[in-house]
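K.L.:
Below: one structure in structure tokens.
What follows is calculated from the coordinates using simple rules that are stated; it is not laboratory data. Not measured: the values here are computed from a predicted model. Note that we place each Cβ from the backbone using ideal geometry, even for glycine, and neighbour counts take in every protein chain shown.
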Amino acid sequence: MSTVPKGTGTLQPSVGARYAGMLGVGGYRPERVVTNEEVCTWIDSSDAWIRERTGIISRRWAGEHETIVDMAAQAAAPALQMAGITADQLSAVIVATVTHTMQTPAAAPMLATRLGVKDAAAFDVSAACAGYCHGISLASDMVRGGSAEYVLVVGVEKLSDITDKRDRGSAFIFADGAGAAVIGPTDTPGIGPTVWGSDGEKWEAISQRVPWDRIVALQLEEATTGKPADWAAAGAIDATEASTLKMAGQTVFRWAVWSMAPVAQRAIEAAGITAADLDAFIPHQANMRITDAMIKQLKLPADIPVARDIAETGNTSAASIPLATERMLREQEVPRGGLALQIGFGAGLAYAAQVVRLP
Ligand SMILES: CC(C)(COP(=O)(O)OP(=O)(O)OC[C@H]1O[C@@H](n2cnc3c(N)ncnc32)[C@H](O)[C@@H]1OP(=O)(O)O)[C@@H](O)C(=O)NCCC(=O)NCCS
């Protein structure tokens, strides 16, 4: 019998790469273009109002049978190709989403299997529009901490599933798509410190209208009594509306405009650079007016390219930053290897920002 008391053994710490960086990005935009004119067939609005208040001209909606795993896989392929690695080299897959249609299991293991990744850690992150920046932060720490070598981070949403087409306050804003990034070891620092946080007191500013347990209880009541349940008491017109998003537009707008510019500023400072060093500003594509207000508050140099992907993509929550990044690189609006400030913010409320070196 050993005389060494239990609990005195020294654990080996994991050892990671010195630096992590973004090695590849990719995007997938569903085929179907939904114009403002089409939106105006569902709600009392106008193309001019939607353009002026949000900057959105059109958005993409996924096909009825197109899932977030389908879209994520489409975005992952070009990201892996740009990174110059194959799927089997991935040791972790992170999916940032709020529109996976199952409470469990997560979408990430399905995506990993779809891509042919074997035995990788795979999990979802639920931080809404801040989900992708949360994923980048986790992936960077995993590579540097030694718990993964190459990590795939996908922001993907099918918000059309949870958009109430009758809701004049939100039907025009949300859209579908996927964007992906591959994070791996690099010779120089490629991902600056993340500035992140949350404010759960404002959780009601954007949320599912009625919680699942309440929806299930009301549906059971209808099935057993044969009479319509009191959906109004739960805060919805009917079962369909109950599972959709409700948004206090002005509350979110004010929070984003006033609270997010200081977060972005802190991310610039944490990275040890100044705004003049940036090659691009890639904020969450929530609303073009929020982006414009942030540019002003951050006093960004006038010649910095700014992501304006929302015009033709809409607000795709977790997918919006990688989709905008993919477009800016593809259209050569920013140089490969340039420095980009990215910031995600939304439901939770939750936010995360970091400066990254583009692949
Ligand atoms: C949703 C949003 C575009 C609404 O814009 P807004 O300027 O706040 O609009 P308001 O709700 O104050 O309404 C202003 C006017 O437009 C009208 N209006 C509201 N929705 C409308 C619509 N879809 N079409 C036309 N007019 C509309 C209102 O009736 C009101 O008219 P009034 O001035 O005659 O009373 C805006 O609040 C927003 O973008 N918020 C942030 C949302 C966001 O980013 N969400 C995602 C976060 S991740």
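K.L.:
For a 19 Å ceiling on Cα separation, which of these pairs sit above it: 158/246; 246/296; 165/246?
P.N.:
On the way: 158/246 16 Å; 246/296 29 Å; 165/246 12 Å.
Over 19 Å apart, Cα to Cα: 246/296.
K.L.:
Separate question: What's the extension gain from residue 312 to residue 258 if we count 0.36 nm per residue and subtract their Cα-Cα distance?
P.N.:
The span from residue 312 to residue 258 would gain 16.9 nm if fully extended.
K.L.:
I've got another one for you. In debye, nearest 20, what is the charge dipole magnitude of segment 165-256 about its Cα centre with +1 on Lys and Arg Cβ and -1 on Asp and Glu Cβ, if you could check?
P.N.:
Its charge dipole is roughly 300 debye.
K.L.:
State the extension gain, in nm to one decimal, for the chain segment bounded by residue 89 and residue 45, taking 0.36 nm per residue of separation less the distance between their alpha-carbons. Don't jump to the answer; show the numbers that get you there.
P.N.:
On the way: separation 44, 0.36 × 44 = 15.84 nm, distance 4.88 nm.
Between residue 89 and residue 45, full extension yields an extra 11.0 nm.
K.L.:
Please arrange 133, 40 by how many other C-beta atoms lie within 10 Å of their C-beta, fewest to most.
P.N.:
The most exposed by this proxy come first: 40, 133.
K.L.:
Of all DSSP beta bridges located in the chain, what percent are antiparallel, nearest 5? Could the numbers behind the result be given before it?
P.N.:
On the way: 37 of 53 bridges.
For the chain, the DSSP antiparallel bridge percentage is about 70.
K.L.:
Sum -39500 (n - 2.57) across every DSSP H segment of at least 4 residues in the chain, then divide by the residue count to get the 222 nm mean residue ellipticity, nearest 500.
P.N.:
Dividing the helical sum by the residues of the chain leaves -10000 deg cm²/dmol.
K.L.:
Helix hunt in the chain: which complete DSSP H runs extend at least 18 Å axially by C-alpha with mean Kyte-Doolittle at least -1.0?
P.N.:
Span-like helices here: 68-83, 131-145, 212-225, 249-270.
K.L.:
Would you mind ranking 104, 225 so that the residue whose beta carbon has the fewest other beta carbons within 10 Å leads the list?
P.N.:
Fewest-to-most ranking of 104, 225: 104, 225.
K.L.:
Something else: For residue 91, what charge total do you get from the other residues with a beta carbon under 13 Å from its beta carbon, if Lys and Arg give +1 and Asp and Glu give -1?
P.N.:
Numbers: positive: 118; negative: 88, 119, 149.
After counting each charged neighbour, the total is -2.
K.L.:
Let me ask something else about it. Could you tally the net charge around residue 230, taking each other residue with its Cβ under 14 Å from the Cβ of residue 230, Lys/Arg +1 and Asp/Glu -1?
P.N.:
-2
K.L.:
A further question follows. Please report, for the Cα atoms of segment 170-268, the Rg to one decimal and the Dmax as a whole number; what are they, in angstrom?
P.N.:
Rg, Dmax (Cα atoms, Å): 20.2, 66.
K.L.:
How high is the relative contact order of segment 151-214, given as a whole-number percent (alpha carbon pairs under 8 Å, six or more residues apart)? If you can, show how the numbers build up before the last one.
P.N.:
Numbers: 41 pairs, mean separation 20.9, N = 64.
Computed value for segment 151-214: 33 percent relative contact order.
K.L.:
Dipole of segment 303-359, Cα-centred, from +1 at each Lys and Arg C-beta and -1 at each Asp and Glu C-beta, to the nearest 20 debye?
P.N.:
In total the dipole reaches around 160 debye.
K.L.:
Using R₀ = 35 Å, calculate the FRET efficiency as 1/(1 + (r/R₀)^6) where r is the Cβ-Cβ separation of residue 277 and residue 331; round to 0.05.
P.N.:
Once rounded, the FRET efficiency stands at 0.95.
K.L.:
Which shape class, rounded, prolate or oblate, goes with the chain when its Cα gyration tensor gives a ≥ b ≥ c as root eigenvalues, a/c under 1.5 marks rounded, and past that a/b bigger than b/c marks prolate?
P.N.:
Values: a/c = 1.72, a/b = 1.23, b/c = 1.40.
Note, shape of the chain comes out oblate.
K.L.:
Using 0.36 nm per residue, how much length does the chain from residue 38 to residue 292 gain when fully extended, once their Cα-Cα distance is taken away?
P.N.:
Between residue 38 and residue 292, full extension yields 88.8 nm more.
K.L.:
Counting other beta carbons within 10 Å of each Cβ, put 54, 186, 316, 86 in order, fewest first.
P.N.:
Going from sparsest to densest Cβ surroundings: 86, 186, 54, 316.
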